[in-house]
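The values are calculated or read from the model by the stated rules, or taken from the named source; none is laboratory data. All figures in this text were calculated on a predicted structure; none of them were measured in a lab. Ideal geometry is used to build each Cβ from the backbone, glycine not excepted, and the neighbour counts take in all protein chains shown. The accessibility values were calculated without ligands, DNA or RNA, using every heavy atom of the protein model including side chains. Shrake-Rupley method; radii C 1.70, N 1.55, O 1.52, S 1.80 Å.
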Amino acid sequence: MKRRSFLVAGGLTLIGGGLAGCETPNPGPTFPPLSFTDRPGFALPVASIEVQNTYAPPLATPNVEHLMPVAPGPGAERWALDVMKASGVSGVARLVIAEASVVEVPLQKTQGVKGLFTVDQDVRYDGRLSVRLEIIDTGNIRRAQVLSTVERSQTVAEDVTPNQRARVWYDFTLALIDQLDIDLRARAASTIG
C-alpha cells in the first residue's frame, strides 16, 4: 500500500512538473512602433527624399544595437521618412546613416564586504549616430552637404531586469534621435537655408 501511494505521488509530481515546463515564457515588453509624424516637417528644397543606412552592425559584443527593441539605425530611417519633406521641384535630398552604434562598457564594482550591500552601476551604454545629408541636383552634382554626429551615454544598475533594460534601450534610441533632430535641423538651416 505504501509503495503504491509512493508511485502515484511520484507520478503526479512528474506530471505536474511536466505541465509547469509547458508554461509559455514571458515574451518580454512590447513597445509601440517608432513614429515621428507628430513632429514639424523638415522641408528641403528638392523633389524627392532618399534614405540610405550604410551602417553594418558587427552583431557581436561590445556592440548591443542588434539586441535593442529599436536600434538607432532603423530609428533614424523612420525619423527621416516621417519628418523630411520635399518642398522643391527638382533634385534629391539623400540622408546617409554612416554610423548608428551602441557599445556596452562594463563598469567597476564595489569590492569586498561593502560590495555585498551596494547596488552599483553595472554597465554604460555609449551611442553614436552619425549622418550625412546631401542635396543632389538633376545633374547628379552635390550642391550641399550637412554632417551631424550626436552621442549619448547612459548607465544601468546591476539589479536591472531584462524588461527594464529593454525599456532603457528603447528610450535611449528615442533620445539619440531627438538629439539628431535638433542638431541636423540647426546645421541644415545655416547650410542649406
(request) Tell me which of these residue 45 doesn't satisfy, since it passes every other one: (1) touching a residue at least 12 places away in the same chain (Cβ under 8 Å); (2) out of contact with any Asp or Glu (no Cβ under 9 Å at 6 or more places or on another chain); (3) open to solvent by less than 70 Å² (accessible area, probe 1.4 Å). (result) (3)
(request) Sort through 122, 181 and tell me the only one that's of a type in the set (Asp, Glu) and in contact (Cβ under 8 Å) with a residue 60 or more places away in the chain. (result) 181
(message) Regarding region 54-67, can at least one residue be identified that is part of a loop (DSSP other than H, G, I, E, B) and of a type in the set (Phe, Trp, Tyr)?
(response) yes
(message) Quick check on residue 184: is it touching a Gly at 6+ places or on another chain (Cβ under 6 Å) and closer than 18 Å to residue 73 by Cβ?
(response) no
(message) Please go through region 126-152 and give me each residue that is within 15 Å of the chain's Cα centre (by Cα) and either open to solvent by less than 70 Å² (accessible area, probe 1.4 Å) or in contact (Cβ under 8 Å) with a residue 60 or more places away in the chain (or both), ordered by number.
(response) 126, 127, 129, 130, 150
(request) Select from region 137-170 the residues that are farther than 30 Å from residue 190 by Cα and among the β-branched types (Val, Ile, Thr) and list them in ascending order. (result) 155, 156, 160, 161, 168
(message) I want to confirm something. Restricting to region 90-125 and keeping residues that are among the charged types (D, E, K, R) and at pLDDT below 95, which single residue is surrounded by the most Cβ atoms within 10 Å (Cβ to Cβ)?
(response) 122
